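What follows is a single structure, written as structure tokens, with notes after it.
The values are calculated or read from the model by the stated rules, or taken from the named source; none is laboratory data. The shown structure was predicted, so the numbers you read here are calculated from the model rather than taken from an experiment. Methodologically, a virtual Cβ is constructed for each residue, glycine included, from the backbone with ideal geometry; neighbour enumeration extends over all protein chains shown. Surface areas here come from the heavy atoms of the whole protein model, side chains and all, with no ligands, DNA or RNA. Shrake-Rupley method; radii C 1.70, N 1.55, O 1.52, S 1.80 Å.
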Amino acid sequence: MRTVRFHSYGGPDVLVVDDVPVIDPAPGQVLVDVAAAGVAGGEPAIRAGRYRLVMRRPLPSGTGVDFSGTVAQIGAGVDHVTVGDHVWGVMPHGTFGAAAEQLIVPVERLTRAPSSIDLVDAAALPAAGTTALRALEGLQPGAALLVRGAAGGVGNVVLQLASAHGAHITTLASARDADWLRTLGADETVDYRTTRIRDLPRFDRIIDLVGTELPPLLRRLRAGGTLVALALDARKPLRTLATIVGGRYGSRRIVAFSNNPSTGDLRHLTRQVDAGHLQPVVADRRPLEGAADAHRDLERGGVRGKILLIPA
């Protein structure tokens with residue numbers, strides 16, 4: 001079967017489509033015929049080797065974390081899905097390889113896909129959606145929320161779920177995205193190019209999807225507020241981690257979240273979609289051979305939503 005991989009770190013052209021053997025699922029595993037795989041915003045930096053000191057991984061390496069598809073085969077002990085089921089899910093923490101014709105995944109990393117949306121488009125949501133649900137936990141209706149980087153694959157999902165939750169949402173994003181972000185639930189939009197972080201009002205919670213300027217963001221929290229850091233600065237990942245680990249300003253704090261959802265998390269996300277609280281925002285659909293171009297687009301910036309790779 002075909003899978004997108006890179007054999008060395010470098011620019012987008014290191015991404016190739018390889019033919020690899022298909023293996024049978026072991027006990028507790030599921031073989032999935034992939035309908036689509038999402039391209040995450042952090043993948044270009046991983047491919048370029050910018051996180052080598054943080055994420056040690058053997059090469060060649062696959063790409064892609066979240067996926068949707070159809071169960072092709074199940075291993076012993078698998079009982080909550082069966083062959084032919086439409087499913088969605090996330091690769092195990094720290095592993096990649098969803099951008100492929102087929103994949104093997106532990107059964108606890110997938111569940112039945114929502115019935116209310118297209119199976120291909122569903123691949124835009126599993127990682128972003130479970131991340132967003134965790135980042136919003138405990139936020140009270142009416143609370144002041146800042147979402148920085150709201151137009152991307154995770155940000156737009158945070159925005160939709162926060163709106164359904166009843167938060168008062170300010171987005172820090174490009175001015176060209178302002179009207180569109182309002183349609184997703186933003187109450188106010190602020191242009192990051194013309195507004196300094198220190199000039200922003202204070203918030204109960206800030207969700208950051210950029211990774212830079214975390215100390216100034218921390219100071220824009222109200223007493224007892226939380227900054228949820230969902231991205232690393234690709235230029236200085238170790239410094240960003242150090243800031244997160246030591247991040248506190250009085251009663252204000254930074255927390256990091258690394259996505260490793262359970263079956264229960266994915267089922268919760270399915271219910272949110274089928275209840276109408278969340279829709280996938282798909283920037284483009286491309287074949288596996290389009291992975292390099294997808295990375296180029298993400299590196300240029302300005303992508304609204306998620307690019308999907310579709311095995312043909």
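Hey, among S163, S174, which residue is touching a residue at least 40 places away in the same chain (Cβ under 8 Å) and more than 27 Å from V245 (Cα to Cα)? Spell out how you get there, then give the answer.
Details: S163 fails: touching a residue at least 40 places away in the same chain (Cβ under 8 Å).
Residue meeting the stated conditions: S174.
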How about region 79-98: which of its residues are at pLDDT below 95 and more than 29 Å from P58 (Cβ to Cβ)? D79, H80
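For (1) more than 19 Å from I244 (Cβ to Cβ); (2) open to solvent by 30 Å² or more (accessible area, probe 1.4 Å); (3) free of Cβ contacts under 8 Å to residues at least 60 places away in the same chain, each residue gets a yes or a no:
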{"site": "D187", "(1), (2), (3)": "yes, yes, yes"}
{"site": "R193", "(1), (2), (3)": "yes, yes, yes"}
{"site": "D208", "(1), (2), (3)": "no, no, no"}
{"site": "P216", "(1), (2), (3)": "no, yes, yes"}
When you go through L227, L232 one by one, which is the residue that is in contact with a helix residue (DSSP H, G or I) (Cβ under 6 Å, 6 or more places away or on another chain), assigned to a loop (DSSP other than H, G, I, E, B) and of a type in the set (A, V, I, L, M, F, W, C)? L232
Within region 244-296, take every residue that is charged (D, E, K, R) and not in a helix (DSSP H, G or I) and give me the one that is modelled with the lowest pLDDT. R248
Which residue pairs have Cβ atoms closer than 8 Å, lie 6 or more positions apart in sequence or on different chains, and pair a first residue in region 247-270 that is charged (D, E, K, R) with a second residue that is modelled with pLDDT under 85 and open to solvent by less than 40 Å² (accessible area, probe 1.4 Å)? R253/G247
Extreme residue, farthest from F257 (Cα to Cα), among residues of region 156-178 that are assigned to a helix (DSSP H, G or I) and in contact with a Lys or Arg (Cβ under 8 Å, 6 or more places away or on another chain): A175
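Among residues belonging to region 132-153 that are surrounded by 24 or more Cβ atoms within 10 Å (Cβ to Cβ) and part of a helix (DSSP H, G or I), point out the one that is farthest from the chain's Cα centre (by Cα). Give the steps one after another, and end with the answer.
Start the filter on region 132-153 by keeping residues that are surrounded by 24 or more Cβ atoms within 10 Å (Cβ to Cβ), which leaves 132, 135, 145-148, 150-153.
With the extra rule that they be part of a helix (DSSP H, G or I), the set shrinks to 132, 135.
Working: A132: 8, A135: 12 Å.
Residue satisfying both the conditions and the ranking: A135.
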If you take the residues in region 299-312 that are hydrophobic (A, V, I, L, M, F, W, C) and modelled with pLDDT of 95 or more, which one is farthest from the chain's Cα centre (by Cα)? I310
Looking at (1) more than 24 Å from R182 (Cα to Cα); (2) touching a residue at least 60 places away in the same chain (Cβ under 8 Å); (3) of a type outside the set (G, A, S); (4) open to solvent by 40 Å² or more (accessible area, probe 1.4 Å), can you tell me which one R239 breaks? (2)
Considering only region 252-267, how many residues are open to solvent by 60 Å² or more (accessible area, probe 1.4 Å) and more than 16 Å from the chain's Cα centre (by Cα)? 2
